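Engineer: For reference, the structure I am asking about is given below.
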Amino acid sequence: MIEIQRDGAVQVIRLNRPSKKNALTGEMYEALAGALEAGNTDKGIRAHLLLGVPGAFTSGNDIGDFLGFAMSGGGMQDAPVVRFLRALVQCDKPLVAGVDGLAIGVGTTLLFHCDMIFASPRAVFRTPFLDLGLVPEAGASLLAPRAMGHARAFELLCLGEPFDPVQAKAAGFVNHIVAEEELEPRALAAAQAIAAKPAEAMRLSRALLVGDRDELRARMEEEIRLFSERLSSDEARAAFTAFMDRARPAG
């Protein structure tokens, strides 16, 4: 479900679970985290490229899988998604994303860790955390206002309003809007151009742009704590019950 390939110095990481619109399971999060962690120590990797499938970058968490873990007594600190989120913060190599179709929940928040984002005209960015009685994650409560300003970040993260690619580009977190058939070639070309730059100069320059990672780590850990608390709240239980009822086949 996670395909990892090399194209020269670019590690191409593809989410490939089209039957579920790339809904992310614990196993998928583990594979994503492992790929990013390996990239930190592999000198042959100079950039990462994140891709989905036609029509779906990712629809977010696989709710059944996620709730199975959450209700098993496993703490959020040990959740595969948390390992992935921490790997995003620790990632030392530039990240490029090609987004076609759905980018829901973590599918949007992970993009705030990317250095370049290409989106197709049918991309949809949405974070329905509050509708589920939860709070934003992936450091988005810090990164989104920096990128978009408070007002637009509030609209995205708190109201859960969908952003189309034109709005996302105007808000500053999408670089280019390209046709579906051009999306992956353009994103790969950008990742290859990044990988061709002097590696140490790129690492240092990116680190300067990223800024204080300790502040980001602290915010992410606070989000994880609150997210974990919210999972057992009456609001979240009611929201997840309603979601599962809607998803259950009739009859």
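The values are calculated or read from the model by the stated rules, or taken from the named source; none is laboratory data. In this text the structure is predicted, and so the values were computed from the model without any measurement. We place every Cβ from the backbone using ideal geometry, glycine too, and count neighbours over all the protein chains shown. In case anyone asks, the SASA skips ligands and DNA or RNA and just uses the protein heavy atoms, side chains included. Shrake-Rupley method; radii C 1.70, N 1.55, O 1.52, S 1.80 Å.
Engineer: Can you tell me which residues in region 142-156 are within 17 Å of L88 (Cβ to Cβ) and surrounded by 20 or more Cβ atoms within 10 Å (Cβ to Cβ)? Lay out the reasoning, then the answer.
Structural biologist: Taking region 142-156 first, the residues within 17 Å of L88 (Cβ to Cβ) are 142-144, 146-147.
L143, A144 - these are the residues of region 142-156 that are within 17 Å of L88 (Cβ to Cβ) and surrounded by 20 or more Cβ atoms within 10 Å (Cβ to Cβ).
Engineer: Then there's this: Pull up region 218-240, narrow it to residues that are out of contact with any Pro (no Cβ under 9 Å at 6 or more places or on another chain) and either among the acidic types (D, E) or open to solvent by 80 Å² or more (accessible area, probe 1.4 Å) (or both), then point me to the one that is nearest to D62 (Cα to Cα). If you could, list the steps in order and put the result at the bottom.
Structural biologist: Going through region 218-240, the residues out of contact with any Pro (no Cβ under 9 Å at 6 or more places or on another chain) turn out to be 218-222, 224-226, 228-240.
Subsequent filtering for residues that are either among the acidic types (D, E) or open to solvent by 80 Å² or more (accessible area, probe 1.4 Å) (or both) retains 219, 221-222, 225, 229, 234-235, 237.
Values: R219: 24, E221: 22, E222: 23, R225: 21, E229: 20, D234: 21, E235: 19, R237: 16 Å.
The qualifying residue nearest to D62 (Cα to Cα) is R237.
Engineer: So in region 84-139, with the set limited to residues that are buried (at least 24 other Cβ atoms within 10 Å of the Cβ) and among the hydroxyl-bearing types (S, T, Y), which one is nearest to G160 (Cα to Cα)?
Structural biologist: Result: T127.
Engineer: Is it the case that some residue within region 73-85 is touching a strand residue (DSSP E or B) at 6+ places or on another chain (Cβ under 9 Å) and farther than 22 Å from F240 by Cα?
Structural biologist: Within region 73-85 (the criterion being touching a strand residue (DSSP E or B) at 6+ places or on another chain (Cβ under 9 Å) and farther than 22 Å from F240 by Cα), the answer is yes, since at least one residue qualifies.
Engineer: Then there's this: Filter region 6-18 for residues that are over 16 Å from D100 (Cβ atoms) and under 19 Å from the mean Cα position of the chain (by Cα); which is surrounded by the most Cβ atoms within 10 Å (Cβ to Cβ)? Break it down stepwise before answering.
Structural biologist: Kept after step one, since they are over 16 Å from D100 (Cβ atoms), are these residues of region 6-18: 6-11.
Then keep just the ones that are under 19 Å from the mean Cα position of the chain (by Cα); that gives 10-11.
On the way: V10: 26, Q11: 24.
Filtering first and then ranking leaves V10.
Engineer: Next up: Take the conditions under 30 Å from A201 (Cβ atoms) and open to solvent by 40 Å² or more (accessible area, probe 1.4 Å) and apply them to D65. Does it pass?
Structural biologist: Numbers: under 30 Å from A201 (Cβ atoms): no; open to solvent by 40 Å² or more (accessible area, probe 1.4 Å): yes.
Criteria not met by D65.
Engineer: Find all pairs meeting these conditions: Cβ atoms under 6 angstrom apart; at least six residues apart or on different chains; first residue within region 15-30 and within 21 Å of D78 (Cβ to Cβ); second residue open to solvent by less than 10 Å² (accessible area, probe 1.4 Å).
Structural biologist: Note: pairs meeting the criteria are L24/T58; Y29/F84.
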